[in-house]
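The values are calculated or read from the model by the stated rules, or taken from the named source; none is laboratory data. What you see is a predicted model, and the numbers here were worked out from it, not measured in a lab. Cβ: placed from backbone, ideal geometry, glycine included. Neighbour counts: every protein chain shown. Keep in mind that these areas ignore ligands, DNA and RNA; they rest on the heavy atoms of the full protein, side chains included. Shrake-Rupley method; radii C 1.70, N 1.55, O 1.52, S 1.80 Å.
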Amino acid sequence: DMISPTRHLPNARKDQWSADVQRELWSGAALDIQYVGSNTSHLDRSFFNNTPQPGPGPVDPRRPSQRFRSRRIIQNDLIADYDAVSVILRKRMSRGLQADVHYTWSRTRDMSTHSNGGGQTMNNYDIWADYGAANWDIPHRFVANYIYDVPFLKSSPQPILKYVVAGWQIGGVTTIQSGTPINVTIAADRANIGISGFQRPDLVGPVPQLDCQQSPTSLDLVNCFDPSAFAMPAQYTFGNAPRNVLRGP
């Protein structure tokens with residue numbers, strides 16, 4: 001086996017652009033609409049370039065080079081994209097209430113997780129087949145933080161009620177967001193390339209939505225999606241299911 005970087009390893013590059021429009025709605029309250037986009041290139045990849053093409057027969061005799069078994073080449077050819085639109089309502093403290101309410105729609109796409117963390121594309125010779133939702137892609141996210149100045153008993157003539165019981169504030173942060181992506185893989189080396197655990201099945205029906213049930217014997221959630229939407233790909237082929245095709249709760 002051999003591990004080697006390529007001669008040309010450009011630094012990772014990120015280009016980012018944004019736009020922001022704000023408008024006062026009434027005294028002490030404003031609406032803010034933001035857009036942020038970015039493109040990152042030259043992300044590192046573990047390229048196993050001595051992997052054979054899918055096909056029948058023993059794996060090793062079909063490798064491009066017979067001098068090595070596995071050649072892990074480090075090169076920088078992956079990309080990642082990000083787009084997000086946020087709508088923010090800000091209200092300064094008035095009438096005992098202060099609040100910031102954020103809603104963000106976003107889309108994060110990449111080709112693989114970090115190679116040093118075990119990330120790898122399904123097909124070493126077609127990285128675009130893995131271009132899809134990143135592991136941390138959260139399409140919808142709502143966050144509200146607020147402070148409420150409780151008005152009760154502030155004008156009470158009783159000192160204990162006025163200075164001990166009154167004057168409290170209630171604050172909180174509420175977060176509601178989409179689930180993270182789930183990648184569907186098969187354990188078998190269906191393509192017969194000597195690498196298993198990264199290949200995906202065929203998607204033969206609509207993408208199933210999660211509908212989990214409570215296990216009768218534990219706190220685990222079971223039967224979360226319909227497996228009939230997937231099928232084993234034909235022998236010596238890669239499946240057509242997109243990477244990270246499912247989404248968690």
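A Förster distance of 25 Å, applied to the separation of the beta-carbon atoms of R13 and W105, puts the FRET efficiency at 0.45. Applying 1/(1 + (r/R0)^6) with r as the Cβ-Cβ distance of D189 and W136 and R0 = 41 angstrom yields a FRET efficiency of 0.90. If you take semi-axes √(5λ) of the Cα gyration tensor in Å from the coordinates, which of [x] 41, 20, 17; [y] 31, 22, 17; [z] 51, 24, 16 do you get? Entry [z]. Could you work out how far the C-alpha centroid of the stretch 197-245 sits from that of the stretch 25-74, in angstrom? What the calculation gives is 22 Å, centre to centre.
For F230, the residues 5 or more places off, or on other chains, whose built amide H falls under 5 Å of its own are V204. The largest accessible area among D189, D60, D1 belongs to the first residue in D1, D60, D189, and the rest follow in falling order (1.4 Å probe, all chains). For Q209 and N145, the difference between the fully extended length at 0.36 nm per residue and the C-alpha to C-alpha distance is 20.0 nm.
Tell me the carbon and sulfur percent of the accessible area for the chain, rounded to whole percent, probe radius 1.4 Å. Don't skip to the answer; put the middle values down first.
Values: 8620 of 15280 Å².
Ligands and nucleic acids excluded, carbon and sulfur give 56 percent.
Once both labels are positioned 7 Å from their Cα atoms along Cα-to-Cβ, the gap between W168 and R69 label points is 6.8 nm.
Shown are V21, V184, whose ranking by accessible area with a 1.4 Å probe and every protein chain present, most to least, is V21, V184. Contour minus end-to-end for V59 and W128, with contour as 0.36 nm per residue of separation and end-to-end as the Cα-Cα distance? Length gained between V59 and W128: 22.4 nm.
Per residue, the accessible area of the chain comes to 61 Å², computed with a 1.4 Å probe over protein heavy atoms only. A simple rule links phi to the HN-Hα coupling: the Karplus curve 6.51 cos²θ - 1.76 cosθ + 1.60 with θ = phi - 60°, which for the stretch 227-242 gives x, 5, 6, 10, 9, 5, x, 4, 4, 6, 9, 8, x, 9, 5, x Hz, with x for Gly and Pro.
For T217 and N49, what is the calculated FRET efficiency with R₀ set at 41 Å and r taken between the beta-carbons, to the nearest 0.05? That pair, T217 with N49, gives E of 0.30.
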